[in-house]
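Taking it in order: structure first as structure tokens, then the write-up.
The values are calculated or read from the model by the stated rules, or taken from the named source; none is laboratory data. Note that the structure is a prediction, hence the values are computed from the model and not measured. Every residue, glycine among them, receives a Cβ derived from its backbone with ideal geometry; neighbour counts consider all protein chains shown.
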Amino acid sequence: MMTRKLPIIALATAPGKAGVGVVRISGPNLKSITNSLFQKELSPRQATLMTLRDADGQTIDQLIAIYFLAPSSFTGEDVLELQCHGGPRLLELVMKRCLELGKDNGLVIAEPGEFTLRAYLNNKIDLAQAEAIADLIDAQSEAAVRGAARSLQGAFSEDINELIEEITQLRILVESTLDFPEEEIEFLENALARERLAAVKTKLESLRDGAKQGKILRDGIQLVLAGAPNVGKSSLLNRLAGEEVAIVTPIAGTTRDRVKESITIEGVPIHIIDTAGLRSTSDTVEAKGIERSWEAIRLADLVIFLTDPQSFDDGLREQILLEIPAKCPILEVINKSDLTKASSENTSKEAILISAKTGAGLDALKREILEMVGWNGPQEGAILARRRHLDCLERASEHIARSEQFAANGNNSLELFAEELFLAQNHLGQITGKLLPDDLLGKIFSQFCIGK
Ligand SMILES: Nc1nc2c(ncn2[C@@H]2O[C@H](COP(=O)(O)OP(=O)(O)OP(=O)(O)O)[C@@H](O)[C@H]2O)c(=O)[nH]1
Ligand SMILES: [Mg+2]
């Protein structure tokens, strides 16, 4: 996939009925394919009404064709865009006819993400921007759309490139001093190397904070509702979702399987998982459900441990604490506040008091959820980020911290100082795709859908 130069074709619009469906072809030279399709050469960037016919001369569709001449196209190659009527069967026929006529030119169906991959390989966009295209298409909230659009415009890449440039300048200084060992110590003072390093560090930290927020905005969080049977977990899910997603009854052990529902709070996707109440049971089906509750708890980003005034402390909280991932916070919530008059008694335990029945305390609960997962609220200039970006930033931070130690040692550590700067720079470069191993590139683009 990485190196093929053949022309590719795919449906660029979603499958299903629509007013218009777009078929897109990209390749090193599409003139001869266009000639076979329409017996005519198209002027670049001009919408032209065309008729596509089958082998018997029967009309398949009347369509608008636009030819983009390389390198002024999305992929950087010649691109032919066919805006057809949006019928699924019709579009299949259009694709089939194009493949027939493009056979001699090697026209093949595109692999997932191959159009964007070509745009990347032809330097039309960098890797972070390519990822932003996929994120823009997947965005579930207005905030996510804006974040992805900003990354696609290059806001994130610009920050990364600026940082790389600053590190490069610092490296140039260090490398040039390495040839004159007697000047090493003065170098650190004279060239303000330490100050410049501190500035790099600050900037990196702020990029990391932004990327952390960006990752929450992109991926959201897995919120697991856990607790004893009958405390109101399913009622809370229904209340948060605003509809009756899960079955609620007064019978303990109602929920058997996990029930999932996604909501957004302040544009942050929250994937809620309601689980079977935790207790020891001889019922085989319920026991299986409880096993699944524990599986969900082990994968959570945040666990709400729900209790009610009737439930007694049987060490369940401690058991959950043992199972949750190291970074996963646990939020204690007491439900059924409408049943207790002396609500202040319970709040003294620093738990949040709610009523899934009346909705009391729900706003405070939502605020607390966002706070506990580290969401700082809507930020100006927010971007969307991925785990991959965060990992690269974290690795870069580690190397900058180490380079700082070598700078503090002064004497004879300059080479190591330079080496750590080099490594930090490498990790940053991986975000925009410079110095990225081929297999990783293949992995990233294969997650795109076909036609993107
Ligand atoms: N008064 C009052 N009753 C509630 C509240 N929340 C839930 N209930 C009731 O408590 C009972 C159990 O609610 P569920 O939501 O099914 O409880 P659960 O934790 O999902 O129970 P399991 O699925 O068995 O683990 C039902 O009769 C609900 O109507 C509340 O805030 N106030
Ligand atoms: Mg339930």
Of residues in segment 257-276 being part of a loop (DSSP other than H, G, I, E, B) and more than 8 Å from ligand 1 (Cβ to nearest atom), the one nearest to R146 (Cα to Cα): G267
Taking segment 140-165 and keeping only residues that are surrounded by 17 or more Cβ atoms within 10 Å (Cβ to Cβ) and among the charged types (D, E, K, R), one is left with R146, R150, D159
Taking segment 301-337, which residues are under 18 Å from I354 (Cα atoms) and surrounded by fewer than 14 Cβ atoms within 10 Å (Cβ to Cβ)? Q310, F312
All conditions in (1) farther than 17 Å from I369 by Cα; (2) touching a Pro at 6+ places or on another chain (Cβ under 8 Å); (3) crowded, with 17+ Cβ neighbours inside 10 Å are true of R298 except (3)
Does E295 satisfy being under 26 Å from G315 (Cβ atoms), without any contact (Cβ under 8 Å) to a residue 40 or more places away in the chain and away from ligand 2 (no atom under 14 Å from the Cβ)? yes
Of all residues making up segment 35-53, the number that are among the hydroxyl-bearing types (S, T, Y) and farther than 20 Å from L90 by Cβ: 1
Taking interchain pairs and intrachain pairs at least six residues apart, which have beta carbon atoms under 7 angstrom, with the first residue in segment 42-55 and assigned by TED's automatic domain parsing to the domain that holds L99 and the second of a type outside the set (A, V, I, L, M, F, W, C) and in a strand (DSSP E or B)? L42/T48; L42/Y67; P44/Y67; L49/Q62; T51/T59; T51/Q62; L52/D61; R53/T59
In segment 257-291, residues that are under 18 Å from I330 (Cα atoms) and either within 16 Å of ligand 2 (Cβ to nearest atom) or among the hydroxyl-bearing types (S, T, Y) (or both) total 7
Segments classed as helices (runs of 4 or more DSSP H), wholly inside segment 356-444, with at least 2 members that are modelled with pLDDT of 90 or more and among the hydroxyl-bearing types (S, T, Y): 387-409
Does R292 meet the test of being at pLDDT 95 or above and surrounded by fewer than 20 Cβ atoms within 10 Å (Cβ to Cβ)? yes
Checking F38, F74 in turn, the sole residue that is under 27 Å from Q153 (Cβ atoms), surrounded by 14 or more Cβ atoms within 10 Å (Cβ to Cβ), aromatic (F, W, Y) and not assigned by TED's automatic domain parsing to the domain that holds G267 turns out to be F74
Let me confirm something: among P269, P329, which residue is in contact with a helix residue (DSSP H, G or I) (Cβ under 6 Å, 6 or more places away or on another chain), more than 16 Å from A228 (Cα to Cα) and not small (G, A, S)? P329
Return the residue satisfying two criteria in turn: it lies in segment 206-233 and is out of contact with any Leu (no Cβ under 8 Å at 6 or more places or on another chain), small (G, A, S) and in a helix (DSSP H, G or I), and of such residues it is farthest from ligand 1 (Cβ to nearest atom). S206
Could you please tell me which pairs satisfy a Cβ distance under 6 Å, a separation of 6+ or placement on different chains, a first residue in segment 235-250 that is without any contact (Cβ under 8 Å) to a residue 12 or more places away in the chain, and a second residue that is within 11 Å of ligand 1 (Cβ to nearest atom) and not hydroxyl-bearing (S, T, Y)? E244/N238
Consider L365 carefully, then state whether it is in the same structural domain as I247 (by TED's automatic domain parsing) and within 27 Å of the chain's Cα centre (by Cα). yes
For the structure I just gave you, tell me whether A276 is out of contact with any strand residue (DSSP E or B) (no Cβ under 9 Å at 6 or more places or on another chain), crowded, with 20+ Cβ neighbours inside 10 Å, modelled with pLDDT of 95 or more and not β-branched (V, I, T). yes
Note on segment 234-247: residues within 10 Å of ligand 2 (Cβ to nearest atom) and either crowded, with 17+ Cβ neighbours inside 10 Å or assigned to a helix (DSSP H, G or I) (or both) are S234, S235, L236, L237, N238, A246
Exception for A252 within (1) modelled with pLDDT of 95 or more; (2) within 11 Å of ligand 2 (Cβ to nearest atom) falls at (1)
